[in-house]
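See below for the structure under consideration.
The values are calculated or read from the model by the stated rules, or taken from the named source; none is laboratory data. Since we're looking at a predicted model, the values are computed, not measured. Neighbour counts are summed over all protein chains in view; Cβ atoms, including those assigned to glycine, are modelled from backbone coordinates with ideal geometry. Surface accessibility is based on the protein's heavy atoms, side chains included, excluding ligands, DNA and RNA. Shrake-Rupley method; radii C 1.70, N 1.55, O 1.52, S 1.80 Å.
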Amino acid sequence: MQRKKKILLFSALFFLVVCFYFMQETYAKYITTSEGKINAKIARWNIKVNETDIKNNASLAQDIIPTFEKSENIAENVIAPTIKGYFDLNIDASAVDVSFTYNILIEENDLISDFIITGYQIGDNPIVNLTDTTEITNDILLDDTNRLQTIRIYFEWYDEDDNKMDNNADTVVTIDNDNLTLNVKLSFTQKK
């Protein structure tokens, strides 16, 4: 009888192992893998400033040309004390697929500390006076109907009683220099 129990136990164990083997094969038949690709269009970032695509350019293709107010005492297209004028920055965001903030920083010129930025105007909006800063910040949003902005920046060679330079300093600048350069730095940051 002992032998029959051993054979029965051995047979049961054998059938149990065989069952597990076939169950594993059965479950393995239903395990599969698959892969796919996500294909999405990358947002455009083609900002133009004064007709220059800035994506691949660190500087504008052409110098920014100022416009001076007419004066009967100052020749055209030159700067001198009391001259006023403006220059335009045209930002074209029509080929940009995100909202962004632009920042315009106009660095003061060390030669003529009285040559100052007095204000700016975006499109037909009112002029914003600048007193303590030469920085302009604004947004162009994705849902804006007009994604072209003209920023007119006003300047003057300030020459009043409280100016920094006296007449002698003004004269030295004009004797020692032929041109005045202002650095205009623009940065563009995508809004989150």
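May I ask you to verify whether A93 is loosely packed, with under 13 Cβ neighbours inside 10 Å and not charged (D, E, K, R)?
The answer is no for A93.
Here is a list of conditions, (1) closer than 23 Å to L142 by Cα; (2) touching a residue at least 24 places away in the same chain (Cβ under 8 Å); (3) in a loop (DSSP other than H, G, I, E, B); (4) of a type in the set (D, E, K, R), and K41 meets all of them except one; can you say which number that is?
Every listed condition holds for K41 apart from (2).
Looking only at residues in the range 46-67 that are under 27 Å from V98 (Cβ atoms) and among the charged types (D, E, K, R), which one is most open to solvent (accessible area, probe 1.4 Å)?
Here the answer is E51.
Which pairs have Cβ atoms under 9 Å, sit 6 or more apart or on different chains, and link a residue in the range 135-163 that is without any contact (Cβ under 8 Å) to a residue 40 or more places away in the chain and under 14 Å from I117 (Cα atoms) to one that is aromatic (F, W, Y) and open to solvent by less than 50 Å² (accessible area, probe 1.4 Å)?
The qualifying pairs are I136/Y102; I136/Y120.
Which count do you get for residues in the range 175-191 that are farther than 30 Å from S99 by Cα and open to solvent by less than 80 Å² (accessible area, probe 1.4 Å)?
Going through the range 175-191 one residue at a time, the tally reaches 2.
Taking into account only those residues within the range 96-125 that are among the β-branched types (V, I, T) and either assigned to a loop (DSSP other than H, G, I, E, B) or free of Cβ contacts under 8 Å to residues at least 24 places away in the same chain (or both), which is surrounded by the most Cβ atoms within 10 Å (Cβ to Cβ)?
Of everything passing the filter in the range 96-125, I112 is surrounded by the most Cβ atoms within 10 Å (Cβ to Cβ).
Yes or no: the range 126-149 includes at least one residue that is surrounded by 14 or more Cβ atoms within 10 Å (Cβ to Cβ), assigned to a strand (DSSP E or B) and over 20 Å from the mean Cα position of the chain (by Cα).
No: the range 126-149 contains no residue that is surrounded by 14 or more Cβ atoms within 10 Å (Cβ to Cβ), assigned to a strand (DSSP E or B) and over 20 Å from the mean Cα position of the chain (by Cα).
Please verify whether D170 is closer than 14 Å to D114 by Cα and modelled with pLDDT under 90, treating the condition exactly as stated.
It is true that D170 is closer than 14 Å to D114 by Cα and modelled with pLDDT under 90.
Hey, K70 hits all of (1) modelled with pLDDT of 90 or more; (2) open to solvent by 80 Å² or more (accessible area, probe 1.4 Å); (3) closer than 28 Å to S187 by Cβ but one; which does it fall short on?
(3)
Take the residues in the range 73-90 that are in contact with a strand residue (DSSP E or B) (Cβ under 7 Å, 6 or more places away or on another chain) and hydrophobic (A, V, I, L, M, F, W, C), then tell me which one is most open to solvent (accessible area, probe 1.4 Å).
Result: I79.
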